[in-house]
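Notes to accompany the following structure.
Just so it is clear, none of the values below were taken in a lab; they were calculated from the coordinates. It should be emphasised that the depicted structure is a prediction, and the values quoted were computed from it without experimental measurement. Here Cβ is always computed from backbone atoms with ideal geometry, including for glycine, and neighbour counts include all displayed protein chains.
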Amino acid sequence: MYKNIMQLAWVTTDVHRAVKVFQEEQGVASIEVFEGFTLSTVGGGEVVIDVALAYVGDMQFEIIQPVSGEVDLYRRHLPVDRSEFALRFHHMCSSFDTLDEYERALADYRARGVTVEVDGGFGEGGRFFYADTRNQVDHYQEYVYLDEATKQFLNTLPRN
């Protein structure tokens, strides 16, 4: 389901060094870093990441450094030795206009036996899940339903 792709994302062992790679080698001059960014999961857990965000045109770029909580889906793409710098492509993210569309996609993946790694929420009703599509397309696929508060937040991110 590659409709409404709004984000490309990478994982890293060092978010600040990764930001420099994008700034100095990829021409993404303005990127904002948020440390200790916390998301909740449906099971009552949390995902804590350091995250860098920016837009290049209409596409959002995200760089994630896993910190704690339910972050295995990020860590398994990185070297075991966390002192070794790594920056690796991780997922594409598609956005749904309604919560109903989001729930249908989530139910469809589960009905087909595709592993849903993390199912969570953010803001005032936003939702996200990661489908493990690595066997088919070599990356995860994230899906989101954005609440109004999150849309407003995203509108404040740097534009390149």
49, 63 arranged by Cβ crowding within 10 Å, fewest neighbours leading = 49, 63
request  = Label segment 54-105 by shape, choosing from rounded, prolate and oblate, from the square roots a ≥ b ≥ c of the eigenvalues of the Cα gyration tensor; if a/c is under 1.5 it is rounded, and otherwise prolate applies when a/b is larger than b/c, oblate when it is not.
outcome  = oblate
ask   = Among rounded, prolate and oblate, which fits segment 1-91 when a ≥ b ≥ c are the square roots of the eigenvalues of its C-alpha gyration tensor, a/c under 1.5 means rounded, and a/b larger than b/c means prolate?
value = oblate
request  = Give the percent of DSSP beta bridges with both residues in the chain that are antiparallel, rounded to the nearest 5.
outcome  = 75
ask   = Given the rule -39500 (n - 2.57) for each run of at least 4 DSSP H residues, summed and divided by the residues of the chain, what is its mean residue ellipticity at 222 nm, to the nearest 500 deg cm²/dmol?
value = -6500 deg cm²/dmol
Ascending count of other beta-carbon atoms within 10 Å, so fewest first, for 58, 14, 72 = 58, 72, 14
query = Once the Cα atoms of helix 99-111 and of the chain are each reduced to a long axis, what angle between those two axes, in degrees from 0 to 90 to the nearest 10, is obtained?
reply = 80
note = For 122, 89, ascending order of other Cβ atoms within 10 Å (fewest first) is 89, 122
request  = Any chance you could check the Cα centroid distance between segment 22-62 and segment 96-138 for me, in angstrom?
outcome  = 19
